[in-house]
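A quick write-up on the structure given underneath.
The values are calculated or read from the model by the stated rules, or taken from the named source; none is laboratory data. The shown structure was predicted, so the numbers you read here are calculated from the model rather than taken from an experiment. We place every Cβ from the backbone using ideal geometry, glycine too, and count neighbours over all the protein chains shown.
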Amino acid sequence: MSTTKITYKTGAPVSYNMLPPGPRGISGDSSYMHVQSSPSNTWTINHNLEHTPAAVSVLDSARTVCTGRVEHPTINQTIIKFGSPFSGTAYLR
């Protein structure tokens, strides 16, 4: 275990004990970024992660967090439905 010192804007240093990284989860890349370039109120994302993502985050083109109804018809596809069409980016983990 190592100790890392971080100084915040207040100037007071804080020490944290950093643990070694744990074992990898699902083999391979377990995250996916989807860019929705054309505005739509339904985003169909074929991610091929071979698992249902535990977290789905969406930002519109202005980088504002958006919420929608998330469905997982298969382990390799996620569909997000919104109240109005927009473009942006979805992050799946």
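Data table
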read-out	value
Any strands (runs of 3 or more DSSP E) falling wholly within region 11-93 and containing at least 1 residues that are modelled with pLDDT of 95 or more	32-46, 56-60, 69-74, 77-92
Identity of the residue in region 52-66, touching a residue at least 12 places away in the same chain (Cβ under 8 Å) and of a type in the set (Ser, Thr, Tyr), that ends up farthest from residue 82 (Cα to Cα)	52
Pair list, Cβ under 9 Å, 6 or more apart: region 70-87 residue free of Cβ contacts under 8 Å to residues at least 12 places away in the same chain, other residue of a type in the set (S, T, N, Q) and not in a strand (DSSP E or B)	74/52
